[in-house]
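The values are calculated or read from the model by the stated rules, or taken from the named source; none is laboratory data. Because the structure is a prediction, the values reported are computed rather than measured. Reconstructed Cβ throughout: ideal geometry from the backbone, glycine too, with neighbour counts over all protein chains shown.
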Amino acid sequence: MSKKDTAGNSPARQAMAHWADETAVKIIREKGDKPRYTCASGITPSGTVHIGNFREIISTELVARALRDLGKEVRFIYSWDDYDVFRKVPLNMPKQEELAKYLRFPITMVPDPWDRDESYARHHEVDIETALPRMGIKCEFLYQAKKYRAAAYASGIRRALEHRDTLKNILDKFRDEEHKIQGEWWPVSVFCDSCNKDDTVIDGWDGEWEVTWRCNSCGSKAATDLRSAKGIKLGWRIDWPMRWEAEQVDFEPAGKDHHSQGGSFDTAKHVCKDVYNWDAPVSFRYDFIGIKGSAGKMSSSSGKVVTIEDLLRVYTPEVARYLFAGTRPNTEFTISFDLDVIKIYEDYDKTERIAWKAESAKDETVFMRERRIYELSQVEKVPETMPYQIPFRHLCNLIQISDGDIDRTITALIQNGAGIREEQLPALHQRGECARYWAEECAPDEFRFRLRAAGEKAALSDVEEAAIRDLRDQVTGRIETFNDDKSCAEAIYRVGEIHGLDGKALFRAAYQALIGKDQGPRLANFLRSVNKDRLLSILASY
């Protein structure tokens, strides 16, 4: 792929290539030509941030990247809503009873049950902030607890109080009679200064900056100035649009629950325009993600979720990005940890070959689409040299043949004339790490194997032992004479015919002799992949 290929698209042509480009053009069209565009994402760190949450993060990043590719300056902000209420202890958290003591506290005041970070919220934030750069995602993190406690939103809170009736009407507009707001209602809540819980009632507002409140849990009462308040915050459906205006947000996606008719996005649009005089950001709905198979030793159990780290143990960052870049956000899809992993790597490799014109696309439209998906799948930019491609299944087999030693696997490839260039080694090693983890921790039992030690003998019949001897002497002993798997396979079948064994029986005997299992990798390719001397030492006892 030449630099002209990757950078020579006009904005109009590029906009046709990918949904992120389409969205970028829509943002510019609807928000006008601006010196800088703000793209936003965020979540409450109430528990482990899982791969479903990650869909919003990477969807935002892909759009931000598309805007930058159009020559625009972009501010990508990620808000940690760590001033939300700690309402429930997730089932996968340690120290359940200890955490339960902090229910109704702000999440940022809940202690870290792992004793690693200064709070429960910060622990989950650090996990994500550490993982995102590996995926090529760089953003500006905003911490809502710090912003609220610094009274950064004092004016926004006062504006909500001034428009209390308007807000009540907007919220009721999307509710049926049974769920409309009854009695006195306030758009703010308060964390008690004494017991830290949100079990408080607003008694009044002086029309300017002072709010009076009392706590049902400990009986405390106070009058608090919004300009110095540490514990006052807006309700979610008002807080969200208030921050759109405060941060001048131009784009923010949201899950299909928020984008449902009458959902939080619908109300937020009205609040943003009618109360804060700011047009809601361009948005789209993203769908849910399913999980297929187990993500290794951390197998699914009550409260278990799949994290970005789990994903990156099995998929290289580029392939992980490809899962999202290659799927429209409003399409539900499944991330697999079972045998489908092999197919996903194959799909990525095909896209890579098309992007580098190592394989022909069906037509120009397909080429542009696949090339753009490939560009957006890269952690930073398209490499100068096309990466060395090795099928994921074959790599898994080679690593198992090498007893899990990736360096030995790569050395064997080079010695066998693979033609791997120096600049291709880091990516190949990274794929090898994923292949090893998947083969050892995620693959079904029938896919896993280890070569027998020299002198370790299988329980075979006399006929089978005789066949294994011939397999050793007539095939393995002259393995270098076979130029391809086909000629090697023909020699294997001839051994079976000599001893009256059909292919299935011969293969079973061979696999038992080599790996102690009834099935294994394709035998001809397997024999040609293992070091000849090692094979002969294993079969020497027959």
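Examine the stretch 11-18 for a residue that is over 25 Å from Ala145 (Cβ atoms) and at pLDDT 90 or above, and state whether such a residue exists. I'd like the intermediate steps shown before the answer.
Filtering the stretch 11-18 down to residues over 25 Å from Ala145 (Cβ atoms) leaves 11-18.
Narrowing the set further to residues that are at pLDDT 90 or above leaves 18.
Yes, the stretch 11-18 has at least one match.
Quick check on Ala100: is it of a type in the set (Gly, Ala, Ser), more than 17 Å from the chain's Cα centre (by Cα) and closer than 30 Å to Ser377 by Cβ?
So Ala100 does not fit the description; no.
Could you list, in sequence order, the residues of the stretch 153-163 that are more than 16 Å from Ser264 (Cβ to Cβ) and either modelled with pLDDT under 95 or of a type in the set (A, V, I, L, M) (or both)? Full working, then the answer.
First, pick out the residues of the stretch 153-163 that are more than 16 Å from Ser264 (Cβ to Cβ): 153-159, 161-163.
The answer is Ala154, Ile157, Leu161.
Among what's in the stretch 394-431 and is under 16 Å from Arg448 (Cβ atoms) and in contact (Cβ under 8 Å) with a residue 60 or more places away in the chain, pick the residue that is farthest from the chain's Cα centre (by Cα).
Ile401
Among the residues of the stretch 130-172, count how many are over 25 Å from Trp205 (Cα atoms), surrounded by fewer than 16 Cβ atoms within 10 Å (Cβ to Cβ) and in contact (Cβ under 8 Å) with a residue 12 or more places away in the chain. I'd like the intermediate steps shown before the answer.
Here is the first cut: in the stretch 130-172, the residues over 25 Å from Trp205 (Cα atoms) are 130-143.
Among the residues that remain, those that are also surrounded by fewer than 16 Cβ atoms within 10 Å (Cβ to Cβ) are: 130, 133-134, 138, 140-141.
Restricting the remaining residues to those that are in contact (Cβ under 8 Å) with a residue 12 or more places away in the chain gives 134, 138, 140-141.
Going through the stretch 130-172 one residue at a time, the tally reaches 4.
Would you please name the residue that is nearest to Arg450 (Cα to Cα), looking only at residues in the stretch 481-502 that are of a type in the set (Gly, Ala, Ser) and touching a helix residue (DSSP H, G or I) at 6+ places or on another chain (Cβ under 6 Å)?
Ala489
When you scan the stretch 201-219, do you find a residue that is surrounded by fewer than 13 Cβ atoms within 10 Å (Cβ to Cβ) and among the charged types (D, E, K, R), even just one?
yes
Which of the residues that make up the stretch 323-352 are in contact with an Asp or Glu (Cβ under 8 Å, 6 or more places away or on another chain) and in a helix (DSSP H, G or I)?
Matches in the stretch 323-352: Tyr348, Lys350, Thr351.
In the stretch 41-70, what residues are among the small types (Gly, Ala, Ser) and under 19 Å from Val126 (Cα atoms)?
Initial filter on the stretch 41-70 (among the small types (Gly, Ala, Ser)): 41-42, 46-47, 52, 59, 64, 66.
Result: Ser41, Gly42, Ser46, Gly47, Gly52.
Name, by its number, the condition in (1) surrounded by 21 or more Cβ atoms within 10 Å (Cβ to Cβ); (2) over 19 Å from Pro329 (Cβ atoms) that does not hold for Ile57.
Evaluating Ile57 over (1) surrounded by 21 or more Cβ atoms within 10 Å (Cβ to Cβ); (2) over 19 Å from Pro329 (Cβ atoms) leaves (2) as the failure.
For the stretch 269-284, state whether one or more residues are surrounded by 18 or more Cβ atoms within 10 Å (Cβ to Cβ), of a type outside the set (A, V, I, L, M) and on the phi > 0 side of the Ramachandran plot.
no
Please find, within the stretch 357-413, the residue that is nearest to Arg313 (Cα to Cα) out of those that are part of a helix (DSSP H, G or I) and aromatic (Phe, Trp, Tyr).
Applying the filter and picking the extreme gives Phe392.
Pull up the stretch 492-539, narrow it to residues that are in a loop (DSSP other than H, G, I, E, B) and over 24 Å from Thr409 (Cβ atoms), then point me to the one that is nearest to the chain's Cα centre (by Cα).
Here is the first cut: in the stretch 492-539, the residues in a loop (DSSP other than H, G, I, E, B) are 499-502, 516-522, 530-531.
Those left that are additionally over 24 Å from Thr409 (Cβ atoms): 499-502, 518.
Numbers: His499: 52, Gly500: 52, Leu501: 49, Asp502: 46, Asp518: 36 Å.
Among those that are in a loop (DSSP other than H, G, I, E, B) and over 24 Å from Thr409 (Cβ atoms), it is Asp518.
Go through the stretch 453-464 and give me each residue that's buried (at least 18 other Cβ atoms within 10 Å of the Cβ) and either farther than 17 Å from Lys504 by Cβ or not aliphatic (A, V, I, L, M) (or both). Before you say what the answer is, go through the steps one by one.
Filtering the stretch 453-464 for residues buried (at least 18 other Cβ atoms within 10 Å of the Cβ) gives 458, 464.
Correct list: Glu464 only.
Just checking, how many residues over the stretch 415-429 are part of a helix (DSSP H, G or I) and exposed (fewer than 12 other Cβ atoms within 10 Å of the Cβ)? Break it down into steps so the answer makes sense when it comes.
If we filter the stretch 415-429 for residues that are part of a helix (DSSP H, G or I), which is where we start, we get 415, 422-429.
Of the ones still in play, those that are also exposed (fewer than 12 other Cβ atoms within 10 Å of the Cβ) are 415, 422, 426.
Residues flagged as part of a helix (DSSP H, G or I) and exposed (fewer than 12 other Cβ atoms within 10 Å of the Cβ) within the stretch 415-429 amount to 3.
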